[in-house]
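Asker: Structure below; questions to follow.
Computed from the coordinates by the stated procedures, all read-outs in this text should not be read as laboratory data. Given the structure is predicted, the values throughout are model-derived calculations rather than measurements. Neighbour counts run over all protein chains shown; Cβ positions are idealised from the backbone, glycine included.
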Amino acid sequence: FVDIVGCIKIKKTMACFSFPVKAILACLGVVLTFGGLYLEFKGFPDLIKDKIKEQLLLSEGTETFEAWKEPPLPVYFKIHFFNVTNPTEIVWHGEKPILNEVGPYVYREIMKKVDIKYVDAEKTYVSYKQVRSYVFEPEMSGDLRESDLITTLNTPMVGINVLMETGTLPLPIQIFLQHVLTKFNNTDAFVTKPVDLITFKGYNDPVLDYIYKVASKALPLAEIISLLLNIFGIEVPLGNITLPEDFKFGLLIGKNNSDDGTYVVHTGRGDSTMFTNLISWKNQTQLPWWNSDYCNMMNGTDGGQYPPFLSKKQRIYIFASDLCRSLYVEFEKEVNVLGIPGYRFIPPPSVFADVQSNPDNLCYCTPDEGHCLLSGVLNGSVCQQGAPIIYSSPHFYQGDQSYVDAVVGLNPNKSIHETALDLHPVTGIPLSVVKRIQINIKIKNFDALPSFRNIPDIIMPVLWVSESASLDGPTSEKLKSQVLRPMVVLNSVSWAICGVGVVLVLASVIIICNKKK
């Protein structure tokens, strides 16, 4: 038996504390319990947010700025072609196109921001140009080579036919185009070219060579030449024509070692939720192409960075200059990438839905509301100088079944045709990103050319591309050490404090109960 100043008495298995000690013990337990809960749900989260806000700032010399300027992770650009295997049957008998997918041809995509300038004294906004370069990776492409031959649409001739069909061209242009069609009356509806010429390098087309020849001898035809060069992807200001040394056509010509205009974005200063949000593009705060202010809005980031502190109910906006509009993605599920938890966001069907399913898409109907397309596609002609380009997900995934059935060889599949963004929910850092889009050409029969008279009226897939990047081992370990492990430590500390508090409260309750006994 021990008796210390009457404060502790142990008799058999019973202990007794004086009232002040019991009160202090109970109060301390309550304070620690609620203090731990406060730290877990308020104190430490606020501390983490403040630290992340400090990092999410485009300030020269910082690690964030350098990673934004030149992404450290490898980005891969993959091209899948739809090789037309029955061009003769299509041309002469109007048969359904049979397509054989060939690819992927893998390119390393090198992105670098140039002409970086702060546009205000507070450094709240920064302007830049994004230069992209593409380098073919033969080892990642298997047996495929850029010299492989692909049979595809004669897109320049389709473009001229589309111009003639509009019926709104000035008379001199109509006369000139009719002359071109007559001169090249025997032009084939399909061409067979090497991969590199179809894409980035371009090839000499007889029709375009003739237009070029006329242009070089007759600059007074400025309006005609400017319009025709624009339709084939060469922007030439009217009245200020400078002819290129060699005029070629390619589906991706002009995309290599080039930029898509000047961006102005928010640096995150003063508001981390605005980090890299788009303010203007090409000196415009709204797009000029669509039929309402809603569709002409430029929302979100440029797709390289994403906002922090994501929620599962959040809709994330991305501006895609190549699609001429802003898109949005929504939460699908939780994922884990190299041991790092993330949220997967995907474009819902409503993004490219028809106007019956999503009336908000009415303003994307072009040239007017009487020319709306079915679900799953976007008419890009309005921002491609009138070229009959239609965008969709690969294999018309989430698109109307009639588009899939119009050709042979398409098999929409969620796992390989869907765009998906895996983002860290606290920092917004991309863990794994894959963006996929398909380029199609709208074709129909044209009486002016024999090879087009039996062509079916369809949206014809030409190729689809994917742009992907994912965390590697060293980068994931860096993220874990700088973000995840400190969060785990703080989480453990808060629950440890809470646990001690609970133990003290329980101890005081037990002591009181034993005293009564």
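Asker: Could you give me the ³J(HN,Hα) list for the stretch 268-274, computed from phi with Karplus coefficients 6.51, -1.76, 1.60 and θ = phi - 60°, whole Hz, x at Gly and Pro?
Answerer: Those phi angles translate into x, 5, x, 7, 5, 5, 9 Hz.
Asker: Now, a different point. Report the gain in length on full extension from Glu139 to Val119: 0.36 nm times residue separation, minus Cα-Cα distance, nm rounded to one decimal. Intermediate values should be presented prior to the final figure.
Answerer: Values: separation 20, 0.36 × 20 = 7.20 nm, distance 4.31 nm.
Value of the extension gain: 2.9 nm.
Asker: At a 10 Å Cβ-Cβ cut-off, how would you order Asp143, Asp148, fewest neighbours first?
Answerer: Asp143, Asp148
Asker: How many nm separate the modelled label positions at Leu338 and Asp457, each set 7 Å beyond the Cα in the direction of the Cβ?
Answerer: 5.2 nm
Asker: What spacing in nm lies between the two simple spin-label points modelled at Tyr328 and Asp360, each 7 Å away from Cα in the Cβ direction?
Answerer: 0.3 nm
Asker: Same structure, new question: Pulled fully out, how much extra length does the chain show between Tyr203 and Glu70, if you take 0.36 nm times their separation in residues and subtract their Cα-Cα distance?
Answerer: 44.7 nm
Asker: R0 = 51 Å: FRET efficiency of Asp188 with Glu63, Cβ-based, nearest 0.05?
Answerer: The formula returns an efficiency of 0.40 here.
Asker: Ok, one more. Hey, can you grab everything whose amide H is under 5 Å from the amide H of Gly303? Only 5+ residues off in sequence or another chain; H modelled, so Pro and N-termini drop out.
Answerer: Here the answer is Phe319, since their amide H atoms fall under 5 Å of that of Gly303.
Asker: HN-Hα J couplings of the stretch 385-391 from phi, Karplus 6.51/-1.76/1.60, θ = phi - 60°, integer Hz, Gly and Pro as x?
Answerer: 6, x, 4, x, 8, 10, 9
Asker: Mind sorting Val433, Val503 by how few other Cβ atoms lie within 10 Å of their own Cβ, fewest first?
Answerer: The order, fewest Cβ neighbours first, is Val503, Val433.
Asker: For each pair in Lys69/Lys414; Lys213/Lys282; Lys51/Lys333, compute the distance between the two Cα atoms and list the pairs where it is over 30 Å.
Answerer: Lys69/Lys414; Lys213/Lys282
Asker: Calculate one ³J(HN,Hα) per residue across the stretch 303-317 by plugging θ = phi - 60° into the Karplus curve 6.51 cos²θ - 1.76 cosθ + 1.60, and present them in order as whole Hz with x for glycine and proline.
Answerer: Coupling constants for the stretch 303-317: x, x, 10, 9, x, x, 6, 6, 10, 6, 8, 7, 9, 9, 9 Hz.
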